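Worksheet: the structure to be examined is printed underneath.
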C-alpha cells in the first residue's frame with residue numbers, strides 16, 4: 001500500500017473513533033501517519049486507561065493501522081531461541097499483539 005491509502009484508512013479509523021459514544025480519545029482529527037512506520041498512527045496524547053488503550057489498538061488493527069501513544073514503540077516478541085514470534089506495541093500496560101494484515 002502507498003501512503004495515500006494509509007491516509008484513507010486513517011480517515012476511516014478517525015471516523016469510527018469519533019463515532020464512539022463518550023469517547024475517551026482526544027482530538028482524533030489531529031492524528032497523523034507516522035513518518036518512520038508506514039502504518040503507524042501518532043495519537044499525540046497518552047491513553048491512561050488500559051481498557052481504552054486496548055480498544056484503540058483493536059479498532060486500529062481493524063484498519064491495518066498501529067496506533068501509538070507517546071513513548072510507545074513497536075517491537076518483536078521473540079521465542080527463547082531468538083526466533084520472531086510476532087510484532088507487538090510496547091505500552092505502559094504491557095504488550096499488544098499486532099495481527100498480520102490480510103490480503
message = Counting only Cα atoms, I'd like the Rg/Rh figure for the chain, Kirkwood definition for Rh.
response = 0.96
query = Full extension from residue 86 to residue 27: what is 0.36 nm times the residue separation minus their Cα-Cα distance, to one decimal in nm?
reply = 18.2 nm
task = Within 10 Å, count the other beta carbons around each residue, average over each peptide in 22-29, 53-60, 78-85, and list them highest first.
result = 53-60, 22-29, 78-85
inquiry  = Taking 4 °C and 1.567 mPa s as the conditions, I'd like the Stokes-Einstein D for the stretch 1-51 in µm²/s, using the Kirkwood hydrodynamic radius from alpha carbon pairs.
reply    = 110
request  = Please give, to one decimal in nm, the separation of the simple spin-label points placed at residue 46 and residue 7, each 7 Å out from Cα toward the Cβ.
outcome  = 3.2
remark   = Diffusion coefficient in µm²/s returned for the stretch 44-103 by Stokes-Einstein, Kirkwood Rh over C-alpha pairs, 25 °C and 0.890 mPa s, is 202
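No lab work stands behind these numbers, since they all come straight from the coordinates. In this text the structure is predicted, and so the values were computed from the model without any measurement. Cβ: placed from backbone, ideal geometry, glycine included. Neighbour counts: every protein chain shown.
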